[in-house]
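Structure first, then comments.
Nothing in this text is a laboratory measurement; each read-out follows from the coordinates by a stated rule. Owing to the predicted nature of the structure, the values given are computational and were not obtained by experimental measurement. Using ideal geometry, Cβ is built from the backbone for each residue, glycine included, and neighbour counts are taken over all protein chains shown.
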Amino acid sequence: MIFSLFRTDPRRASVEELHRRIAAAARDPVLYLRFDVPDTAEGRFESLALHMVLVLRRFRRLSPPAQEIAEGLVDSFFRQLDASLREMGVGDMSVPKRINKLAAGFYDRAAAYDAALDARDPAALAKIFGRNFAGSADAASALARYVQAADEALGQDSLETLLGAGPSFVEPGRFAEEGAR
């Protein structure tokens, strides 16, 4: 039992690097400047959750050990959220409650995004974004087009690509409308 504490997961470094790349995509300035994602802690959570869901959708369609890696990615995501809350000064007693609330929001969004993406329904996706965080209808529609294209691009990624070169997110600027902001 005690020796398991000293074992290292050989995939952990790959998962952490994958998480870092997803976070970098979620911080693309176009998302905030042109798609009306608020540049706040909540807006950054929304963007990170969206990009995490897109990658997790791809992992679900890959063969083993993709599911184990996806679980490690989700663990990494919530460990980072925990650390971020603590850095923001949230008290130790409040962190678990906040994480539970964020987890519920994450899984609710994942289900909604999955349904709209599976149905190939950009209007439903734009409606979700408009309700959750994108300010204007134009920005929400542009964001929906970006997300659909990203989902399609990620659908071509192999497990080796995801863990090596990283996820194939498309350039969000291609989908930004002049009138979005």
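Here are the numbers for the structure shown:
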quantity	calculated
For segment 137-147, 3J(HN,Hα) per residue [Karplus equation, 6.51 cos²θ - 1.76 cosθ + 1.60, θ = phi - 60°, Hz, x = Gly/Pro]	5, 4, 5, 5, 5, 5, 4, 4, 5, 4, 5
Listed peptides 149-159, 48-58 by packing density, highest first (mean Cβ within 10 Å)	48-58, 149-159
Per-residue ³J(HN,Hα) for segment 77-92, Karplus 6.51 cos²θ - 1.76 cosθ + 1.60, θ = phi - 60°, Hz, x for Gly and Pro	4, 6, 5, 5, 4, 4, 4, 5, 4, 5, 5, 7, x, 5, x, 3
Dipole magnitude of the chain about its Cα centre (Cβ charges: Lys, Arg +1; Asp, Glu -1), debye to nearest 20	260
Relative contact order (%) - segment 7-85, alpha-carbon pairs under 8 angstrom, separation at least six	36
Length gained when the stretch residue 171-residue 27 is fully extended (0.36 nm per residue, less Cα-Cα span)	50.6 nm
Amide H contacts of residue 170 (H built 1.01 Å from N, under 5 Å, at least 5 apart or other chain)	150
Whole-angstrom Cα spans of the chain along principal axes, big to small	58, 40, 26
Convex hull volume of segment 85-181 per residue (C-alpha atoms, cubic angstrom)	148
222 nm mean residue ellipticity, helices alone, for the chain (DSSP H n ≥ 4; -39,500 (n - 2.57); rounded to 500)	-21500 deg cm²/dmol
Among 31-41, 163-173, the order from most to least packed when residues are scored by Cβ within 10 Å on average	31-41, 163-173
Residue 108 versus residue 62: modelled label distance in nm, points set 7 Å from Cα along the beta carbon direction	3.0
